[in-house]
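Asker: What follows is a single structure, and I will ask about it in a moment.
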Amino acid sequence: MKSFMELARERYSVKGFSERKVEEDKLTQILEAGNVAPTAKNNQPQRIYVLKSEEALKKAQELTICTYGASTVLLFTYNQQEVYVYPGEEAFDSGAEDVAIVATHIMLQAADLGVGSCWVNRFEPAKAMELFDLPENETPVLLMPLGYPKEGVGPLPNHTAKKALEETVKYL
(Lines give C-alpha, C1' and ligand atoms only; values in the text may rest on other atoms or scores of the structure.)
Protein backbone atom coordinates (compact mmCIF):
# COMPACT_ATOMS: atom_id res chain seq x y z
CA MET A 1 0.00 0.00 0.00
CA LYS A 2 1.28 3.45 -0.91
CA SER A 3 1.83 6.09 1.71
CA PHE A 4 -0.18 9.27 1.48
CA MET A 5 2.87 11.23 0.26
CA GLU A 6 3.52 8.66 -2.48
CA LEU A 7 -0.11 8.90 -3.61
CA ALA A 8 -0.07 12.72 -3.48
CA ARG A 9 3.17 12.91 -5.47
CA GLU A 10 2.12 10.37 -8.12
CA ARG A 11 -1.37 11.74 -8.76
CA TYR A 12 -1.49 13.99 -11.81
CA SER A 13 -4.06 15.81 -13.93
CA VAL A 14 -5.14 13.39 -16.65
CA LYS A 15 -5.58 15.16 -19.99
CA GLY A 16 -6.74 12.18 -22.04
CA PHE A 17 -9.05 9.34 -21.00
CA SER A 18 -9.60 5.88 -22.47
CA GLU A 19 -13.07 4.61 -23.30
CA ARG A 20 -13.03 2.35 -20.23
CA LYS A 21 -15.78 3.44 -17.86
CA VAL A 22 -15.34 3.85 -14.12
CA GLU A 23 -16.95 0.87 -12.40
CA GLU A 24 -20.00 1.71 -10.28
CA ASP A 25 -18.46 0.35 -7.07
CA LYS A 26 -15.37 2.52 -7.57
CA LEU A 27 -17.49 5.57 -8.38
CA THR A 28 -19.44 5.00 -5.17
CA GLN A 29 -16.20 4.77 -3.15
CA ILE A 30 -14.95 7.95 -4.80
CA LEU A 31 -18.15 9.83 -3.97
CA GLU A 32 -18.15 8.47 -0.41
CA ALA A 33 -14.67 9.96 0.08
CA GLY A 34 -16.18 13.35 -0.68
CA ASN A 35 -19.01 12.68 1.72
CA VAL A 36 -16.62 12.19 4.66
CA ALA A 37 -14.63 15.35 3.88
CA PRO A 38 -14.75 18.10 6.48
CA THR A 39 -16.65 21.30 5.74
CA ALA A 40 -17.07 24.48 7.79
CA LYS A 41 -19.37 23.78 10.74
CA ASN A 42 -20.08 20.46 8.96
CA ASN A 43 -22.74 22.32 6.96
CA GLN A 44 -21.96 20.20 3.87
CA PRO A 45 -23.07 22.79 1.27
CA GLN A 46 -21.50 20.84 -1.60
CA ARG A 47 -23.56 19.37 -4.40
CA ILE A 48 -22.00 16.94 -6.86
CA TYR A 49 -23.65 16.26 -10.18
CA VAL A 50 -22.48 13.02 -11.82
CA LEU A 51 -22.55 13.56 -15.57
CA LYS A 52 -22.61 10.17 -17.31
CA SER A 53 -25.44 10.20 -19.81
CA GLU A 54 -24.73 11.05 -23.43
CA GLU A 55 -26.83 14.21 -23.06
CA ALA A 56 -25.06 15.37 -19.89
CA LEU A 57 -21.60 14.69 -21.33
CA LYS A 58 -22.50 16.61 -24.48
CA LYS A 59 -23.48 19.58 -22.30
CA ALA A 60 -20.19 19.29 -20.40
CA GLN A 61 -18.35 19.42 -23.73
CA GLU A 62 -20.32 22.56 -24.65
CA LEU A 63 -19.20 24.07 -21.36
CA THR A 64 -15.47 23.33 -21.70
CA ILE A 65 -12.91 21.76 -23.99
CA CYS A 66 -11.39 20.18 -20.90
CA THR A 67 -13.42 16.97 -20.49
CA TYR A 68 -10.60 15.09 -22.27
CA GLY A 69 -12.89 12.30 -23.47
CA ALA A 70 -13.90 11.17 -19.95
CA SER A 71 -17.01 9.00 -19.69
CA THR A 72 -17.80 10.50 -16.27
CA VAL A 73 -17.55 14.15 -15.30
CA LEU A 74 -18.38 15.52 -11.87
CA LEU A 75 -19.80 19.03 -11.56
CA PHE A 76 -19.26 20.54 -8.12
CA THR A 77 -21.44 23.35 -6.78
CA TYR A 78 -22.36 24.65 -3.36
CA ASN A 79 -25.67 25.73 -1.88
CA GLN A 80 -25.31 29.40 -0.93
CA GLN A 81 -27.82 29.00 1.90
CA GLU A 82 -25.78 26.30 3.64
CA VAL A 83 -22.36 27.96 3.77
CA TYR A 84 -20.60 29.24 6.85
CA VAL A 85 -20.32 33.04 6.72
CA TYR A 86 -17.13 34.47 8.22
CA PRO A 87 -17.81 36.52 11.38
CA GLY A 88 -18.20 40.20 10.51
CA GLU A 89 -17.46 39.50 6.83
CA GLU A 90 -20.72 38.95 4.98
CA ALA A 91 -18.83 38.98 1.67
CA PHE A 92 -16.77 35.93 2.67
CA ASP A 93 -18.13 32.43 3.09
CA SER A 94 -16.92 28.85 3.06
CA GLY A 95 -18.63 27.71 -0.15
CA ALA A 96 -15.67 27.45 -2.53
CA GLU A 97 -13.30 26.18 0.14
CA ASP A 98 -15.76 23.50 1.28
CA VAL A 99 -16.10 22.32 -2.32
CA ALA A 100 -12.29 22.36 -2.68
CA ILE A 101 -11.88 20.11 0.36
CA VAL A 102 -14.54 17.68 -0.90
CA ALA A 103 -13.10 17.67 -4.44
CA THR A 104 -9.59 17.01 -3.12
CA HIS A 105 -10.81 14.02 -1.12
CA ILE A 106 -12.55 12.71 -4.24
CA MET A 107 -9.51 13.30 -6.45
CA LEU A 108 -7.18 11.46 -4.07
CA GLN A 109 -9.59 8.56 -3.50
CA ALA A 110 -9.89 8.19 -7.26
CA ALA A 111 -6.10 8.07 -7.57
CA ASP A 112 -5.92 5.47 -4.81
CA LEU A 113 -8.32 3.30 -6.84
CA GLY A 114 -6.35 3.78 -10.06
CA VAL A 115 -8.86 6.24 -11.51
CA GLY A 116 -7.52 9.42 -13.07
CA SER A 117 -8.97 12.88 -12.70
CA CYS A 118 -8.42 16.49 -13.66
CA TRP A 119 -9.50 19.60 -11.76
CA VAL A 120 -11.12 21.89 -14.35
CA ASN A 121 -12.10 25.48 -13.74
CA ARG A 122 -11.99 26.53 -17.39
CA PHE A 123 -15.72 27.12 -17.82
CA GLU A 124 -18.30 29.84 -17.32
CA PRO A 125 -20.32 29.24 -14.13
CA ALA A 126 -23.34 31.11 -15.53
CA LYS A 127 -23.34 28.86 -18.58
CA ALA A 128 -23.15 25.77 -16.32
CA MET A 129 -26.18 27.08 -14.41
CA GLU A 130 -28.09 27.40 -17.67
CA LEU A 131 -27.00 24.17 -19.38
CA PHE A 132 -27.70 21.97 -16.35
CA ASP A 133 -30.70 23.97 -15.10
CA LEU A 134 -29.12 24.32 -11.67
CA PRO A 135 -31.00 25.88 -8.77
CA GLU A 136 -30.43 29.64 -8.41
CA ASN A 137 -29.04 29.17 -4.89
CA GLU A 138 -26.12 27.04 -6.13
CA THR A 139 -22.74 28.26 -7.30
CA PRO A 140 -20.70 26.10 -9.71
CA VAL A 141 -17.03 25.80 -8.72
CA LEU A 142 -15.35 23.10 -10.80
CA LEU A 143 -15.68 20.17 -13.15
CA MET A 144 -13.75 16.95 -12.64
CA PRO A 145 -13.45 14.44 -15.49
CA LEU A 146 -12.88 10.92 -14.13
CA GLY A 147 -11.65 7.80 -15.83
CA TYR A 148 -8.71 5.70 -16.86
CA PRO A 149 -5.84 7.44 -18.63
CA LYS A 150 -5.50 6.80 -22.33
CA GLU A 151 -2.39 4.83 -23.27
CA GLY A 152 0.61 7.14 -23.51
CA VAL A 153 -0.95 9.86 -21.32
CA GLY A 154 1.06 10.95 -18.31
CA PRO A 155 1.88 13.96 -16.21
CA LEU A 156 2.74 17.21 -17.93
CA PRO A 157 6.46 18.10 -17.90
CA ASN A 158 5.99 20.67 -15.13
CA HIS A 159 4.20 18.18 -12.84
CA THR A 160 7.12 17.78 -10.45
CA ALA A 161 8.30 21.42 -10.60
CA LYS A 162 7.59 22.67 -7.09
CA LYS A 163 8.74 25.83 -5.36
CA ALA A 164 10.93 25.43 -2.31
CA LEU A 165 9.05 25.48 0.98
CA GLU A 166 10.85 28.73 1.86
CA GLU A 167 9.00 30.41 -1.03
CA THR A 168 5.54 29.30 0.04
CA VAL A 169 5.71 28.86 3.82
CA LYS A 170 6.28 31.74 6.25
CA TYR A 171 6.83 31.32 9.96
CA LEU A 172 5.58 34.21 12.07
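The values are calculated or read from the model by the stated rules, or taken from the named source; none is laboratory data. No experiment lies behind these values; they were computed from the predicted model shown. Positions of Cβ are generated from backbone atoms using ideal geometry, with glycine treated the same way; all protein chains shown enter the neighbour counts.
Asker: Considering only residues of the range 128-141 that are touching a Ser or Thr at 6+ places or on another chain (Cβ under 9 Å) and in a helix (DSSP H, G or I), which is surrounded by the most Cβ atoms within 10 Å (Cβ to Cβ)?
Answerer: Checking each candidate, the answer is ALA128.
Asker: Further question on the same structure: Being more than 14 Å from PRO145 (Cα to Cα), outside any helix (DSSP H, G or I) and among the β-branched types (Val, Ile, Thr) is the filter here, so list the residues in the range 51-101 that pass it.
Answerer: THR77, VAL83, VAL85
Asker: Turning to a different aspect of this structure: Going residue by residue through the range 71-81, is there one that turns out to be of a type in the set (Gly, Ala, Ser) and over 29 Å from PHE4 (Cβ atoms)? Give the steps one after another, and end with the answer.
Answerer: We begin by selecting, within the range 71-81, every residue of a type in the set (Gly, Ala, Ser); these are 71.
Subset that is over 29 Å from PHE4 (Cβ atoms): none.
No - not one qualifying residue is present in the range 71-81.
Asker: Across the range 76-91, what is the number of residues that are farther than 18 Å from ALA126 by Cα and either of a type in the set (Val, Ile, Thr) or modelled with pLDDT under 95 (or both)?
Answerer: 8
Asker: Here's another thing I want to ask about it. Name the residues in the range 89-99 that are surrounded by fewer than 17 Cβ atoms within 10 Å (Cβ to Cβ) and hydrophobic (A, V, I, L, M, F, W, C), would you?
Answerer: The answer is ALA91, PHE92, ALA96.
Asker: Consider SER18 carefully, then state whether it is more than 14 Å from the chain's Cα centre (by Cα), closer than 20 Å to PRO140 by Cα and among the polar types (S, T, N, Q).
Answerer: No; evaluated as a whole, the condition is false for this residue.
Asker: Return a yes/no flag: does the range 57-79 have any residue that is over 21 Å from LEU108 (Cβ atoms), over 17 Å from the mean Cα position of the chain (by Cα), surrounded by 15 or more Cβ atoms within 10 Å (Cβ to Cβ) and touching a residue at least 24 places away in the same chain (Cβ under 8 Å).
Answerer: So far as the range 57-79 goes, yes, one or more of its residues are over 21 Å from LEU108 (Cβ atoms), over 17 Å from the mean Cα position of the chain (by Cα), surrounded by 15 or more Cβ atoms within 10 Å (Cβ to Cβ) and touching a residue at least 24 places away in the same chain (Cβ under 8 Å).
Asker: So which residues in the range 21-50 are under 14 Å from the mean Cα position of the chain (by Cα), in a loop (DSSP other than H, G, I, E, B) and among the charged types (D, E, K, R)? Break it down stepwise before answering.
Answerer: Looking only at the range 21-50, we keep the residues that are under 14 Å from the mean Cα position of the chain (by Cα), and these are 27, 30-35, 37, 46-50.
Imposing the further condition that a residue be in a loop (DSSP other than H, G, I, E, B) reduces the set to 37.
Answer for the range 21-50, where residues must be under 14 Å from the mean Cα position of the chain (by Cα), in a loop (DSSP other than H, G, I, E, B) and among the charged types (D, E, K, R): there is none.
Asker: When the range 105-122 is examined, which residues are found to be surrounded by fewer than 21 Cβ atoms within 10 Å (Cβ to Cβ) and either of a type in the set (Phe, Trp, Tyr) or part of a strand (DSSP E or B) (or both)?
Answerer: TRP119
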